[in-house]
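What follows is a short report on a single structure.
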Amino acid sequence: MVTSLCERQGIIERIQHRFTRMFPELRKLPYLRRLECLKLWTLEERRARADLIEVFKSNLRHHFFSERVINNCNNLDNKTVTSGSINIFKGNLERLRQSIEIDLFVGN
């Protein structure tokens, strides 16, 4: 049986949803609040983060990227864009995500 990408994403998100309810002190909180407490990313955020990491690894000027990736790239600050290594880049993505200044992964 072949499942579509959309179905697989739904399955993965449901698994994460169930996992977050395994913590008794978080069980009654809304899903997004549980993710926040556990410092987890939604599936959509993880996908956007992975896209941005791939863009960072390659040279943006020499490749074509989807609108979804470009929109996120355009939301990055200069500190993130000029990161010296992939680990610094990842740390800067986390900093942006935690910041109330930017909704990096919202509405993509």
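Residues that are at pLDDT 90 or above and closer than 30 Å to Ser85 by Cα number at least 3 in the following helices (runs of 4 or more DSSP H) confined to segment 1-59: 31-38. What are the pairs, 6+ residues apart or on separate chains, where a residue within segment 35-47 that is closer than 9 Å to Gln16 by Cβ has its Cβ under 9 Å from a residue that is among the hydroxyl-bearing types (Ser, Thr, Tyr) and surrounded by 14 or more Cβ atoms within 10 Å (Cβ to Cβ)? These pairs meet every condition: Leu35/Thr20; Leu35/Thr42; Leu40/Thr20; Thr42/Tyr31.
Picking from residues in segment 60-94 that are at pLDDT 85 or above and surrounded by 15 or more Cβ atoms within 10 Å (Cβ to Cβ), the one that is nearest to the chain's Cα centre (by Cα) is Leu93. Looking at segment 1-22 only, could you name the residues that are within 20 Å of Glu45 (Cβ to Cβ) and in contact with a helix residue (DSSP H, G or I) (Cβ under 8 Å, 6 or more places away or on another chain)? Gln9, Ile12, Glu13, Gln16, His17, Thr20, Arg21 - these are the residues of segment 1-22 that are within 20 Å of Glu45 (Cβ to Cβ) and in contact with a helix residue (DSSP H, G or I) (Cβ under 8 Å, 6 or more places away or on another chain).
The values are calculated or read from the model by the stated rules, or taken from the named source; none is laboratory data. Everything numeric here is computed off the predicted structure, so don't read it as measured data. Note: ideal-geometry Cβ built from the backbone for every residue, glycine included; neighbour counts use all protein chains shown.
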